[in-house]
Amino acid sequence: MRTEHLRQGVLAVAVALLGLLLVQEVWYEVSARGTYLEGPVREPTLWANYTIDSEEEKIQIEITNATPLFHYLNSRENLNENQEEENLNSNLDATRNLVEKGVLLTVAFFAFGSLRRWFSWLGLGMWGFTSFLLIIMVPMSLLGGYSEGTEPEARGGLETGKEGGEDQFAHSKFDSTLSLHSTGLEFTFDSSGYDLGLVNESQRDALREKPPADGEEGSEAFIRFGGEVSVVLGDGIIAWLVVPFIPLLFHFLGSKKEINYEESGHSGAEESE
C-alpha cells in the first residue's frame, strides 16, 4: 500500500511539472501571409508571426509593397466609423481561465489517486477536458468567438464578420480549405468583393444590387485578398499531451516488477524443493 501511495505521489508530481510547462511555454505558433491579388497595384502582402500562451498574444507584422496598400486604405471611406469595437479577447481570456482551473484539478485528482483509484480516472477525464479547451476552444476563441456564423470578407486585414463591418463590401465571396498535419493545421483562403468605401455614396445601392461588368462604373472597387495561415502546436500543449503516457508508463513498470517478483519467487521455490 505504501508503494502505491509513493507511485501516485510521483505521478502527481510529474503531471504537475507538465502542467507547469503548459502554463509557462507557448501554446500556439501561427504564421500567416495575405496578399491583395486584385485591387491595389503591385500586390501588397502582409506577413504575420503570432504566438499565444497562457497570458498574452504576441504578433510581429511585416508588409511588402506597403505604399500601394496605404494608398488604398487612405482612399477608401470607412462605412462603420461609429461602430463600437468589441473585445475579441474576452472569450480567449475566459478559455485561459478554464484551462488553468483544469490543470489544477487534473493535478489534484491524480494526487488523490493514492486514496481512491477512481480519482485517477477523474484526473484523466479532466485532462481530456483541458485538452479539448486547448485544441478546440482556444483556436475558436482566437478567431473571434464561439458562435459567429458570418464569413470573412475581402478587406484591409484578416478580420471576420461583424468585427470588420458586414456592410463594407458587396457581393462578397469566400473560399477556404483546411488541412491537418502532425503538429497543427494549415488554412488557405481566397476572399473577394466590391469595396463600397471606394465608390461614391450615390453609387452604392446600385452596386449592392448588381455587380458591374468590367469597365463599368464601380468595377474598379473590386478587391481580392488571399493567403494561408499555418498553426503549429507550441511546446506547452505538446507537454500537456504527454500526461496520459505517464500513468501508462507507471502501470507498465509496475506490472513488469510484479512479473519479475513472481518469477524470482517461483524460482526460489523450485530451488528449495
For T183, the net charge from surrounding residues (Cβ-Cβ under 15 Å; K, R +1; D, E -1) works out to -4
With a ≥ b ≥ c the root eigenvalues of the C-alpha gyration tensor of the range 5-81, is it rounded (a/c under 1.5), prolate (a/b larger than b/c) or oblate? prolate
Summing Lys, Arg as +1 and Asp, Glu as -1, what charge do residues with Cβ under 9 Å from the Cβ of I52 carry, I52 excluded? -3
Whole-Å distance, taken between Cα centres, linking the range 92-109 and the range 196-217: 50 Å
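Any read-out appearing in this document is the output of simple, stated calculations on the displayed coordinates, not a laboratory observation. Because the structure is predicted, anything quoted here is derived from the model rather than measured. Neighbour counts run over all protein chains shown; Cβ positions are idealised from the backbone, glycine included.
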